[in-house]
Each structure stands twice: as C-alpha cells, then as structure tokens.
Amino acid sequence: LLESANALILGIDRSWRITVCNRALLELTGFGRDEILGRDVRDFISSDQRQYLTSAFAAALLGQHHTAVTVALPTRHDGPVRTVWSIAPVGRVGAVGGPVDAVVAIGQDQSKIEALQQQVVRAERLATLGELAAGVVHELNNPLTSITVYAEYLVRKLESQGAEPPDIEKLRRIGASAQRILRFSRDLVQYARPSGREHESVDLAAVVRQSVSIFEHLVERGGIELVVDVDPELPVIQAVAGQLEQVLINLITNAVHAIEGSDNKDKAGRVVVRAAVESPSTVLLEVADSGNGVTEQDQAKIFEPFFTTKPDGKGTGLGLPIVRGIVEQHRGEITVGRSDLGGATFRVILPAL
C-alpha cells in the first residue's frame, strides 16, 4: 500500500536515518532507493530550513504531531520542489508513554496541488465565459451575416458597373471585418464551451492525410514544401476525428503563416507533419516549420487565450488555446519547442489505448 500510494511517504528512525521511502517520492526526486535509504534525513534539508524542520522532527520523536510543514525538497534534475508534509510519531518502545519508535512523514507535491487549484479556477471562469459568449454570439450572428452577404453583393454589383477600385476595396474590407468578428465570436464559444462528443475508434493516419490535403494548393502557391511522415504502425486510437483534424489544421496553418512572415525570404519554406508511435501507450503528432520560431518568453504564454504573435487582424489568440483544450480532452499534452528546421515544433502526445 505504501509503495503504490500517490502521496510522498518517508519513514525515519530515532537516529534520524531514513528507513522507508515510497515510489512516489523516488519519482519526484529522481533519486534511487539506495541513494536515500540509510541516510540522515537532515542531509536532504537546505540550511535555511534545517533548524525549523529539525525541531519538527524532534518534536515528533517526543510524540507530537505537525501538519502543513512546507519543505523545498531537492531533486536530481529540476531543482528544489515545494512540498507540504504532515509529520507524526509511530509506535512506542516498551510501555505506554515510552519513547517513540519512529516518525512517518506524508507529503504532497505543492506544484500539483496548485495546478489542480488553477484548473478549478479556470473551469469556473470558462463556465462564466461560455454563458457570456453564447449570448454575445447569438446577438451578433444575424446582423454580421447580413453585413457580410450584402457587402459581397455590393462588391459584385459595383464591379459590374465599373465603379472606382478604391470604393470596391472599401466594401471588401467591410465584408472582411464582419467575417473576422464572426470568426472570433465562434472561436470564443468553442474555447469557452468545448465539445462533449463521445470518443470513437479513429484511424490516425487517415486523420493526418485528410488534414494535410486541405493545404496542398496553399503550400504550392506559396512555394512551401509540405512533408508528411506517417508511421505505418500507427494504431487506431479512441478520439473525436473532427477535433484531431482541427488540431492539425490549426498547427499547419500557424506553420504556413510563420514561414510567410519569416525574416529569411530567400530560403525555401518547409513544413513537416509527422505521426508516429511514441511509446507502447502513446502516439505523437508533430508539426515543425522553418519560420522564425517561438521565443522562450513567448513559449510560456503561447497557449494563453488572446495571446498572439501575429500582426493585428491576422489572429484572434484563441487558436492554440482551443488546440490545447482539445488535446487535454483527449487526455494528452501539447508542447512547443525549437525545430531542426530552425522554426517551431509543436508536439502532441496522445494516449494510444
């Protein structure tokens, strides 16, 4: 039970030696069991916390309980991790009232707790935003559709009458602006109210091929090379095919836009779409481009709603948040980094089972 528990568990004897550590603790710290067992627990405590925690353990050895003890736990790779512990005495040697036999400490990774709290807050905000967005879109949809349709009609009419090109261009801009507001409002609803459709068996290779086919004319016209690499061993996964197509279409669109806005206009643009088996239990969807890439500063914010690196009028800042929402609904994760092509790489990991 101790070994399979999700909580961090540590046992300490009267000599301050660590006698028990479970799997969750080893996974968090990155240390091996032989590197922890038998060592003095004080070796794992930073100097600025040592006095306080030594007092807490000493009190536990005298039979006292402590809760909400915060510890910056050292890890092998990621630096200290904030954890919260409850410390309690275990057993007594000899008669009742005798000395405590050992101390057990049960902890939680504070970063996970904070992440769960943030998810709850985010869900509450999305629920409120969804109610607001649905009402706004309902009120905007009809008049904006009318503006778009009449603008297109007037453009055709003025063209047939030989009207001045600047006047025709003004009408086109009116229609384009109305379309942009429509697109933004619909994106807002989709972000705030994700689809609740049931997952079904999906041929991931077919999803990739269908998504890529939409861009063949676009990339040819822009002189961009589109490379598709699909693993023939891709399994059938449980998903919503239309939503995965939306993820790929969004990522490929961003890749094409990144190349079109690249500083290096002389270099031929390249987009690589890859689908592969990542592990026995996961699959990978990857879109890489030869654009300017995403700075480390922007990588931290790129999945936030309304954040965009595109010029004014070119993006709503909701595309990638919608993508992340779809990926999370599929119990997956999405990351961004630097590609071998010099631009950005977006990696989507999805469960294969």
(request) For the range 18-39, name all the residues that are of a type outside the set (A, V, I, L, M, F, W, C) and farther than 17 Å from Gly107 by Cα. (result) Gly32, Arg33, Asp34, Glu35, Gly38, Arg39
(message) Restricting to the range 262-295, name every residue that is out of contact with any Asp or Glu (no Cβ under 8 Å at 6 or more places or on another chain) and at pLDDT below 85.
(response) Ser262, Asp263, Asn264, Lys265, Asp266, Lys267
(request) Give the range 233-256 a look and list any residue that's β-branched (Val, Ile, Thr) and either surrounded by fewer than 13 Cβ atoms within 10 Å (Cβ to Cβ) or assigned to a helix (DSSP H, G or I) (or both), or say none. (result) Val247, Ile249, Ile252, Thr253, Val256
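Does Val236 meet the test of being free of Cβ contacts under 8 Å to residues at least 40 places away in the same chain, over 20 Å from Asp340 (Cβ atoms), of a type in the set (A, V, I, L, M) and assigned by TED's automatic domain parsing to the domain that holds Lys310?
When the stated conditions are applied, Val236 passes them.
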(message) So Arg17 ticks every box in (1) of a type in the set (D, E, K, R); (2) under 22 Å from Glu114 (Cβ atoms); (3) surrounded by 12 or more Cβ atoms within 10 Å (Cβ to Cβ) but one. Which box is left unticked?
(response) (2)
(message) Would you confirm, using the coordinates I've provided, whether Ala60 is over 30 Å from Phe303 (Cβ atoms) and either modelled with pLDDT under 75 or outside any loop (DSSP other than H, G, I, E, B) (or both)?
(response) yes
(request) Restrict the check to the range 40-49 and report whether at least one residue is surrounded by 12 or more Cβ atoms within 10 Å (Cβ to Cβ), among the small types (Gly, Ala, Ser) and closer than 17 Å to Ile106 by Cα. (result) no
(request) Could you list all residues from the range 207-223 that are within 15 Å of Ala268 (Cα to Cα) and part of a helix (DSSP H, G or I)? (result) Leu218, Val219, Glu220, Arg221
(message) Quick check on the range 293-312: of everything there that is among the aliphatic types (A, V, I, L, M) and either touching a residue at least 12 places away in the same chain (Cβ under 8 Å) or in contact with a Cys (Cβ under 7 Å, 6 or more places away or on another chain) (or both), which residue is surrounded by the fewest Cβ atoms within 10 Å (Cβ to Cβ)?
(response) Ile302
(message) Quick test for you: out of Glu35, Glu27, pick the one residue that is under 23 Å from Ala115 (Cβ atoms), assigned to a helix (DSSP H, G or I) and of a type in the set (Asp, Glu).
(response) Glu27
(request) Return yes when Ser290 is closer than 30 Å to Gln179 by Cα and either in the same structural domain as Asp229 (by TED's automatic domain parsing) or out of contact with any Cys (no Cβ under 6 Å at 6 or more places or on another chain) (or both) and no when it is not. (result) yes
(request) State whether the residues of the range 217-232 include one that is of a type in the set (Val, Ile, Thr), surrounded by 18 or more Cβ atoms within 10 Å (Cβ to Cβ) and modelled with pLDDT of 90 or more. (result) no
(request) Pairs only if they're at least six apart or on different chains, beta carbon under 7 angstrom, first in the range 107-118 and part of a helix (DSSP H, G or I), second of a type outside the set (Asp, Glu); list them, first residue then second. (result) Gln110/Arg82; Gln110/Thr83; Gln110/Val84; Ser111/Val81; Ser111/Arg82
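Please determine whether any residue of the range 275-285 is part of a loop (DSSP other than H, G, I, E, B) and either of a type in the set (Val, Ile, Thr) or free of Cβ contacts under 8 Å to residues at least 60 places away in the same chain (or both).
Within the range 275-285, not a single residue is part of a loop (DSSP other than H, G, I, E, B) and either of a type in the set (Val, Ile, Thr) or free of Cβ contacts under 8 Å to residues at least 60 places away in the same chain (or both).
The values are calculated or read from the model by the stated rules, or taken from the named source; none is laboratory data. Not measured: the values here are computed from a predicted model. Virtual Cβ from ideal backbone geometry, glycine too; neighbours counted across all protein chains shown.
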